[in-house]
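Please read the structure below before turning to the comments.
The values are calculated or read from the model by the stated rules, or taken from the named source; none is laboratory data. No experiment lies behind these values; they were computed from the predicted model shown. Quick reminder, even Gly has a Cβ in these numbers, built from the backbone with ideal geometry, and neighbours come from all protein chains shown. For accessibility, only protein heavy atoms count, side chains too; no ligands or nucleic acids. Shrake-Rupley method; radii C 1.70, N 1.55, O 1.52, S 1.80 Å.
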Amino acid sequence: MSPGDPVAAAAARIKAAWESGRICPLSGRGLRARVLRAGRLVRAGMLSPAEAAAVAAEAENVAMAFAPLPVPPLDD
């Protein structure tokens, strides 16, 4: 994936969002994996770049819909 690639850009935005605490890291990791798989399917000739870009946009939209859960207090 090249730097101007919408699939790579979506994967990077999802990762940045979970690392910054804006979205749930559980759903963020799974949806980023879906985006990365779409990129691999393009390279394998099984998905068109346009289809992969659509998958990436969908995954990013879903990832942004899940806020992180509160962190429970540590039991000391």
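Does Glu51 satisfy the condition of being over 15 Å from the mean Cα position of the chain (by Cα) and in a helix (DSSP H, G or I)? Steps first, answer last, please.
On the way: over 15 Å from the mean Cα position of the chain (by Cα): yes; in a helix (DSSP H, G or I): yes.
Judged against the criteria, Glu51 is a match.
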**Message:** Take the residues in the stretch 10-27 that are assigned to a helix (DSSP H, G or I) and open to solvent by 30 Å² or more (accessible area, probe 1.4 Å); name whichever of them is farthest from Asn61 (Cα to Cα).
**Reply:** Glu19
**Item:** Residues of the stretch 58-76 that turn out to be surrounded by 14 or more Cβ atoms within 10 Å (Cβ to Cβ) and either small (Gly, Ala, Ser) or assigned to a loop (DSSP other than H, G, I, E, B) (or both), as a count
**Value:** 4
**Message:** For the structure I just gave you, tell me whether Leu74 is touching a helix residue (DSSP H, G or I) at 6+ places or on another chain (Cβ under 7 Å) and either under 17 Å from Ala17 (Cβ atoms) or without any contact (Cβ under 8 Å) to a residue 24 or more places away in the chain (or both).
**Reply:** no
